[in-house]
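**Student:** Below you will find the structure I want to go over with you.
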Amino acid sequence: RILRFRLKPFGSSFGFHPERVARGLQNSAAGQEQEQEPKQKEQRAVAATRILRFPLLFAESDVAAMRVIRFLFFAALLLVKLTILAYCCLRAYRIRMHAINTFGYVIHEFDPWFNYRATEYLAEHGWSKFFKWYDHMSWYPIGRPVGTTIYPGMQIASVWIWEAMKLIPTTKYQIPKDVLSQLPKWVMGYLPNKGKFLAFGPMSLNDVCCLVPCWFGASATFFVFLLSSELSESTTAGLASAAIMSIIPAHIMRSVGGGFDNEAVALTAFCMVLWLWVVSLRSPRAWPVGILAGLAYACAAAAWGGYIFINNLVGLHAASLVGLGKYNSSIYRAYTLYYLVGTIGAMQVPVIGWAPLRSVEQMPSLLVFLGYQVLELCDMYRGRMKTPMSGTRFFAFRVLVFTALGAAGAAVAYVLMQLGVFMPLGARIRGLFLEAVKTGNPLVDSVAEHSPANAKAYEMYLGNPRYLAVVGLLFCWHQRTPGKIIAFLYAAVAYHYSLKMSRLIVICGPIVSVLAGFPIGIIADWCIEQLLALITFKPKAVEEKPSPARTGGMGSIIRTWWHYFGPMVVPHEVKDLAKLKDGFAQRLWFVDRPIRAAIAAAILMAAYNKSQSYVKDFVAHCDRMAKQMSNPQLMFQTKLRSGEEVIVDDYIRGYEWIRDNTPEDARVMAWWDYGYQITGVAKRTSIADGNTWNHEHIATLGRILTSPEKKCWNAMRHLADYALVWAGGHGDDMGKSPHLARIGNSVFPDHCGDEDPLCQKFSFYQDGSPTPMMAKSFLYRAVNHNVKSGVTLSPKLFQEVHTTKYGLMRVYKVLNISQESKDWIADPKNRVCDAPGSWYCVGQYPPALQPLIAKRRNFAQLEDFNKKDGSKSAYTKLIEQQRSGKSSDSDEL
């Protein structure tokens, strides 16, 4: 008799109860019917019915029509929401296409070139060789085991997409002019090729890699919609969140077209993990979804080293549910499945290996997993007892069990720690928990994105929605789902991490979008329901039977606390007022509903009028930021004095010159920033690249480049055929050079000396002139060769072979190189393999460089791939002194 339409994936339920309408009309018409005559009662009922028809379009006899009207309204609303969601995903894709539309299909910056080169290798050689790839073209002469030091998720996804697109036949479809003439002109701008034609078919691997960030940016928008809808129980909130996520700069910064960065794929996986995890908590029967959440986590772990954040966040949420008394067997199954499936999957990634069980930063999620097992075992023991255990006794029993197991676990952990089983915290992870700005590692400290975020950064990358997100924190507590707490936890952890490292503002993008969507969607839903109540009735919510209350845990403690202190928090007067409001809405609904509708209309109108300027400003800001972040760095747009806009492509043309004009076995020395581009664009061997796995080698490179010209040549001739510098003042090497000297000094204490840990000897005076040490260095002379008066390189040592059009890149040939050293390094017999016939063979420095290498001091850096027996550099000691507040003779950083 009553139809119920339930669209669960979108959180909307449609149900109709005509008997409730009839009861309302009858009660309103009857009034004091016990004191009235039958005839008078009938007359009053008829009169009341006629009067009450005014605020409604249908009376009790038209219930079927009301049901149809409500269904049609929500069906139309559903279509509108789907259209808006599709537009948000399209908008996310389009705004990330600025770089490709302007510069073409070009891989950006530094790290993306390594990612692309690794993708090429995977596509050409397959899985087996990829994970056994020891690259001797990078980190010369040592080489790098790429297969075991890379997060390959993005490369695997890109190759899969590339292979799948090979199956698509090349097709070109001309859209009929009659169809185009019927479409609004603004629609044409959103169609591929401006609506002229549609083309389908295979793409080159380069083009796929350029588009992957755009595709995953749209996917992240979709998963933010799902996550926000699940947490808020409002698809309208999900749409608002998706609209913000589609254009928020915090996410675009790592997902522009051509920006082939790990975060572009990882953030999508993060949102998918959180959504599936929250879905697994939706009801007691939803726990199997924990398997999918674990698989999604494994994908996230394969994509980016930041997977530790999402894993610990889920673990923190699971622990919080225990603290809030929400623990039950369903949550236990969900988290256990998530952790087991996810951890086993993550451990299959070579770079991760046993880290989930050995790394200190991953211990929190492991401890939560073990704690859940103990909780469930205690519950099982209690359930099998013949005599029921009281709540107080069960609580004491669990405390005893946890105390005993905790003490035993601590003893075992201490022994394992002494045996070196646990991995120490890395420099970056340590930096997230230090009060000081610096980590004590001059290499990490030299990277701008490792510096703390400030108010300007939040304004730039999060914009106005960050204020709305703060309001959204007030809207994430009334929902029934236990997952609602994770929004608050995510916001707190992401804000803390981003304060320590500006790069991590990227993880703030999803949660700011989610929380900012809460007030918009929840208030909009309430307003729509009030307006809809004028013509139909809201279906009565299906009451779910509450689960039996668990005793002996946090739930009991919270209930006891609420029993005594609840009246202080929520006085009886507040409850009486709520009952009065509900009674008024039930008895005088013909007055209540128009008032509510008027309030709702006023809220919608005021919100629309007040928000227009903020929305326009935010959209304009996002478009402007997207264009600024779309410069590939290998080329950029600028204006000449005449006002003409030109594309400066000095860097990519310089690398192409090296590729086309130097021998294939040429070795190019440059600062480590450019290593990925040397191997990726120029296809030549580099000395170091953007990875930080070997601090001593990078410090050796820094010392050579910042040494006096002759001293530099003495070492360079054994390692390189060419030297490359960035010049011209546009982020050139002179601005970075103090960092190079400082990093070199951390390993070679004779470079600047322990008495000068900041290498102030190698710097500029206030008038811009170089210090004597800098003026004599190879780097200063190479950048300013024949540009500044009196600054030249010796023609006996170096020969200038190429300078780009605008002078932004300069290439020098190293004269009289040591062929003996080059041949010695190339000989496979001089590589140290971990086992006979193994692929893991580390190169060695040539004998001629041993006097220089012997001067190195192992840097005491707690990184997985570095030596642990090193001594602290003067720089590290200085940073420790500043953290402890002790005075130092050196200037402040």
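Since every read-out is calculated from the coordinates, none of them should be taken as a lab result. Predicted, not measured: the structure shown is a model, and the values here were computed from it. Please note: Cβ atoms are built from the backbone with ideal geometry, for glycine as well, and neighbour counts cover all protein chains shown.
**Student:** Which pairs, out of K776/K822; K683/K736; K710/K796; K456/K610; K736/K796, put more than 19 Å between their alpha-carbon atoms?
**Tutor:** K776/K822; K683/K736; K456/K610; K736/K796
**Student:** Ranked from highest to lowest mean number of other Cβ atoms within 10 Å per residue, what is the order of the peptides 628-639, 248-259?
**Tutor:** Packing proxy ranking, top to bottom: 248-259, 628-639.
**Student:** Which of the three applies to the stretch 55-197, rounded, prolate or oblate, going by the alpha-carbon gyration tensor with a ≥ b ≥ c and a/c under 1.5 meaning rounded?
**Tutor:** On the way: a/c = 3.32, a/b = 2.18, b/c = 1.52.
Prolate, since a/c reaches 1.5 and a/b exceeds b/c.
**Student:** Right, here's the next one. What do you get for trypsin sites (Lys or Arg not before Pro) in the stretch 474-527 restricted to DSSP loop and a cutoff of at most 10 other Cβ within 10 Å of the site's Cβ? Provide the component values of the computation, followed by the final result.
**Tutor:** On the way: sites: R480, K484, K500, R503; in loops: R480.
Listed in order of number, the matching sites are R480.
**Student:** Multiplying the sequence separation of I595 and W354 by 0.36 nm and subtracting their Cα-Cα distance, what value in nm do you get?
**Tutor:** On the way: separation 241, 0.36 × 241 = 86.76 nm, distance 6.26 nm.
Extra length from I595 to W354 when fully extended: 80.5 nm.
**Student:** Using only Cα atoms, locate the centre of the stretch 455-522 and the centre of the stretch 238-272, then give the distance between them in Å, rounded to an integer.
**Tutor:** Cα centroid to Cα centroid, the span is 14 Å.
**Student:** Near Y676, within a Cβ-to-Cβ distance under 15 Å, what is the net charge of the other residues, with Lys and Arg +1 and Asp and Glu -1?
**Tutor:** Spelling it out: positives minus negatives among the neighbours equals -2.
**Student:** Then there's this: Send over the semi-axes of the stretch 626-698's equivalent ellipsoid, whole angstrom and largest first, taken as the square roots of 5 times the C-alpha gyration tensor eigenvalues.
**Tutor:** 28, 17, 9
**Student:** Could you give the size of the charge dipole of the stretch 55-193 about its Cα centre, using +1 on the Cβ of each K and R and -1 on the Cβ of each D and E, expressed in debye and rounded to the nearest 20?
**Tutor:** 180
**Student:** Sticking with the crude label model, points 7 Å out along Cα→Cβ, report the distance from L419 to I161 in nm, one decimal please.
**Tutor:** Here the modelled spin labels are 4.5 nm apart.
**Student:** Okay, next question. By DSSP, what percent of the beta bridges with both residues in the stretch 638-778 are antiparallel, rounded to the nearest 5?
**Tutor:** The antiparallel fraction comes to roughly 50 percent.
**Student:** I've got another one for you. Given C-alpha coordinates of the stretch 566-663, what is the ratio Rg to Rh with the Kirkwood estimate of Rh?
**Tutor:** Rg divided by Rh gives 1.51.
**Student:** If you add up the charges near S241, with Lys and Arg at +1 and Asp and Glu at -1, over every other residue whose beta carbon is less than 14 angstrom from its beta carbon, what do you get?
**Tutor:** Local charge sum for S241: 0.
**Student:** Would you kindly state how much longer the chain becomes between Q612 and N786 on full extension, computed as 0.36 nm times their sequence separation minus their alpha carbon distance, in nm to one decimal?
**Tutor:** Working: separation 174, 0.36 × 174 = 62.64 nm, distance 5.63 nm.
Fully extending the segment from Q612 to N786 adds 57.0 nm.
**Student:** Could you give me D for the stretch 657-700, from Stokes-Einstein at 25 °C and 0.890 mPa s, where the hydrodynamic radius is the Kirkwood radius over C-alpha pairs? Units µm² s⁻¹, please.
**Tutor:** D, rounded to a whole number, is 230 µm²/s.
**Student:** How large is the Kirkwood hydrodynamic radius of the stretch 460-513, in angstrom, based on all distinct alpha carbon pairs?
**Tutor:** It works out to 11.7 Å.
**Student:** Moving to a separate point now. Counting only other residues whose beta carbon sits under 15 Å from that of T638, what net charge do I get with K and R as +1, D and E as -1?
**Tutor:** Summing Lys and Arg as +1 and Asp and Glu as -1 gives 0.
**Student:** Let me ask something else about it. When every alpha-carbon pair in the stretch 230-339 is counted, what percent end up more than 16 Å apart?
**Tutor:** Numbers: 3768 of 5995 pairs.
The answer is 63 percent, as a whole percent.
**Student:** If you don't mind, another one. Expressed as a whole percent, how much of the Cα-Cα distance distribution for the stretch 619-751 exceeds 23 Å?
**Tutor:** Roughly 43 percent, rounded to a whole number.
**Student:** Now, a different point. To the nearest 20 debye, what is the magnitude of the charge dipole of the stretch 319-415 about its Cα centre, counting +1 on the Cβ of each Lys and Arg and -1 on the Cβ of each Asp and Glu?
**Tutor:** Around 380 debye, computed over the stretch 319-415.
**Student:** Here's a follow-up. On a C-alpha basis, how far is the centre of the stretch 831-853 from the centre of the stretch 93-115 in Å? Whole number, if you could?
**Tutor:** The two parts, judged by their Cα centres, are 37 Å apart.
**Student:** Of all alpha-carbon pairs in the stretch 807-855, indicate the percentage at a distance above 16 angstrom.
**Tutor:** 58
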